[in-house]
Amino acid sequence: MKMIKTFAILLFFTVLMAAGYYSIFPDVSRLKRENPKKTSFMEYREREWREKGKKINIQKKWVFLSNISPYLVKAVIIGEDDKFWSHHGFDIEAIQKALEKDLQRKTFKFGGSTISQQLVKNLYLSPSKNPIRKFKEVIITWRIERTLSKRRILELYLNVVEWGEGIFGAEAASLHYYGKPALVLNPEEAAMLASVLPNPIRYRVDGTSRYVQKRAKIIYDIMVKRGIVIPEYEDVMKQPVYE
């Protein structure tokens, strides 16, 4: 009887610990097949809008990675995380540089985030930069990188990332700013969309910011240097078929 009671207590605490673990660290394996309907960051934005008395509806439309322009995929990687395909969730060099800047400015912003880290922040966390939230981000990023393929991480990210007030995901952004599906975005449009991702509320795709224009040109020029974009080919393709 005593053994059964001890076993029952151990089982209870095991279940309790498991429940606590998954309440803090979500089951990321579900992301292999399930597409998130609403992210933690979307919910944060909705609370923010309510507090400010704004009536904004979230615009989002899920698409497969194969239905997003390769130009946009490559422009986002160049702009946000150029080592995406080779790192395991963390860009150590970028983190070191960010920490050095933080120490110089006597702030703690924890920069140098990879696409994987940004995905975790969007899906599960708040924009807060406190050490506890950062610890959660590190653990969940580590698990996501070991559970999901790079292709799936990229697909998730491009479908949930914010691209303006109320605009989430590549398809919604492409339709909103260019009136066409994300699949047919050209290199210039892709570079422009990628250029605002550090802060899509402050920097607008359809604005006149010199920062955005300069950053978009840098991303576009890198695509040209790497042979992703061949300007002459693009010029020819823009010409009418029949004259």
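The values are calculated or read from the model by the stated rules, or taken from the named source; none is laboratory data. Just so we're clear, the structure is a prediction, and the values are computed from it rather than from any experiment. Methodologically, a virtual Cβ is constructed for each residue, glycine included, from the backbone with ideal geometry; neighbour enumeration extends over all protein chains shown.
Okay, residues lined up against (1) more than 25 Å from TYR124 (Cα to Cα); (2) surrounded by 12 or more Cβ atoms within 10 Å (Cβ to Cβ); (3) modelled with pLDDT under 95:
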position	(1), (2), (3)
LEU154	no, yes, no
VAL160	no, yes, no
TRP163	no, yes, no
GLY169	no, yes, no
TYR177	yes, yes, no
ALA190	yes, yes, no
VAL205	yes, yes, yes
LYS214	yes, no, no
GLU232	yes, no, yes
Hey, could you check segment 191-234 for residues that are in a loop (DSSP other than H, G, I, E, B) and of a type in the set (Gly, Ala, Ser) and say which is nearest to HIS176 (Cα to Cα)?
GLY207
Of all helices (runs of 4 or more DSSP H) completely enclosed by segment 64-152, which ones contain at least 2 residues that are surrounded by 15 or more Cβ atoms within 10 Å (Cβ to Cβ), at pLDDT 95 or above and in contact with a helix residue (DSSP H, G or I) (Cβ under 7 Å, 6 or more places away or on another chain)?
70-80, 115-124, 131-147
